[in-house]
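Everything on this sheet refers to the single structure shown next.
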Amino acid sequence: MPWIKQVSVEEATGLLKSQFDAAIKRAGRVWHIVHIMSINPRMMRDSIVFYATAMMGESPLSRVQREMLAVVVSYENYCHY
């Protein structure tokens, strides 16, 4: 299994700390899919903004339809997330 360097929640400062704090506020924890981006906090921030726009922004698809699509794609890609 590959190993990717990550910054711990306890060691985070600046933008990364604010992103971790926001993740904990949203979900009660920092999920691995977010934590893996810890070496590039700007990418983490932008990825979360992109996700929020895709899943909760204006769209002809309902939120439920978007979540269903995400589940099906994850399943087809053998992704447990």
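Assorted remarks:
- Identity of the residue in segment 25-40, within 21 Å of ILE4 (Cα to Cα) and open to solvent by 50 Å² or more (accessible area, probe 1.4 Å), that ends up nearest to the chain's Cα centre (by Cα): ILE33
- Total residues in segment 41-78, condition within 23 Å of LYS5 (Cα to Cα) and either assigned to a loop (DSSP other than H, G, I, E, B) or of a type in the set (Asp, Glu) (or both): 1
- When the residues of segment 3-20 are filtered to those that are over 21 Å from CYS79 (Cβ atoms) and open to solvent by 70 Å² or more (accessible area, probe 1.4 Å), the one that is modelled with the lowest pLDDT is LYS5.
The values are calculated or read from the model by the stated rules, or taken from the named source; none is laboratory data. Fair warning: this is a prediction, and the values are worked out from it, not measured in the lab. Because the Cβ atoms are built from the backbone with ideal geometry, glycine has one as well, and the counts that use them run over all protein chains shown. Only protein heavy atoms, including side chains, enter the accessible area calculation; ligands, DNA and RNA are left aside. Shrake-Rupley method; radii C 1.70, N 1.55, O 1.52, S 1.80 Å.
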